[in-house]
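Below is one structure; the comments refer to it alone.
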Amino acid sequence: MSRFGSELEVHIASLRRYARALLRNPVDAEDLVQEALVRAVSRADSFQAGTNLRAWLFTILHNVHVNQVRARAARPDEVPVEAVESRLTTPPRQEERVEVREMMRAVEALPDEQRQVLLLVALEGLKYDEVAEVLGIPIGTVMSRLSRGREAVRAKLATEGSVALRRVK
């Protein structure tokens, strides 16, 4: 073995420790060290005798790592379409929009008193006593208006029926 090879061998353990700490994956770290050693051996003639071999090896390891990170960023991982297919498509939402539109029409058709109570409770999430305070009416009135409003919306939606949409696949 050449003198360069024996000096290089002394630093392999340090390179492995650094690569493992850098990558947090022993297999990837070993690959990184191997690549750095191959590069160091292939360019041994560019090493200037009498300089710091350890620093030169760590510089090579660092540069190989940076090149690998750049290459991965430029070339994202390939993923089979089947693995992400469910995230690539969105279910149709036309039916939901029609239902929401029908619901809003039914709410808009309510008398003002019932609509106010229904919106404050259902939309704004206020408690009955808070609604009574906001509107300046007794809590019993809030409950009866809410009950009548909900029933009127249910009845209107039931009599008009949901719009039957034809599914096209």
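Scan the range 133-161 and report the pairs whose first residue is part of a helix (DSSP H, G or I) and hydroxyl-bearing (Ser, Thr, Tyr) and whose second residue is modelled with pLDDT under 95 and surrounded by 14 or more Cβ atoms within 10 Å (Cβ to Cβ), with Cβ atoms within less than 8 Å and a gap of 6+ or a chain change. That search, which allows pairs on different chains as well, returns 141/132.
Screening residue 118 with (1) modelled with pLDDT under 90; (2) in contact with a Gly (Cβ under 7 Å, 6 or more places away or on another chain) gives one miss only, at (1).
Counting only residues that are touching a residue at least 12 places away in the same chain (Cβ under 8 Å) and surrounded by 10 or more Cβ atoms within 10 Å (Cβ to Cβ), give me the helices (runs of 4 or more DSSP H) lying completely in the range 1-106 with at least 1 of them. Steps first, please.
Numbers: elements: 3-10, 12-23, 26-42, 53-74, 81-88.
Output list reads 3-10, 12-23, 26-42, 53-74.
Regarding the range 108-124, can at least one residue be identified that is farther than 22 Å from residue 156 by Cα, open to solvent by 70 Å² or more (accessible area, probe 1.4 Å), outside any helix (DSSP H, G or I) and charged (D, E, K, R)? Talk me through it step by step, then tell me what you get.
At the first step, the residues of the range 108-124 found to be farther than 22 Å from residue 156 by Cα are 124.
This time we only want the ones that are open to solvent by 70 Å² or more (accessible area, probe 1.4 Å), so: 124.
Remaining after also requiring outside any helix (DSSP H, G or I): 124.
Next, only the ones that are charged (D, E, K, R) stay: 124.
Taking every residue of the range 108-124 in turn, at least one turns out to be farther than 22 Å from residue 156 by Cα, open to solvent by 70 Å² or more (accessible area, probe 1.4 Å), outside any helix (DSSP H, G or I) and charged (D, E, K, R).
When residues in the range 1-58 are screened for being more than 38 Å from the chain's Cα centre (by Cα) and of a type in the set (Gly, Ala, Ser), 11 of them pass.
The values are calculated or read from the model by the stated rules, or taken from the named source; none is laboratory data. The structure presented is a predicted model; accordingly, all values stated were derived computationally and were not measured. As a convention, Cβ positions derive from the backbone with ideal geometry for all residues, glycine included, and neighbour counts pool all protein chains shown. The protein model used for the area step is the full one, side chains on, heavy atoms only, and it has no ligands, DNA or RNA in it. Shrake-Rupley method; radii C 1.70, N 1.55, O 1.52, S 1.80 Å.
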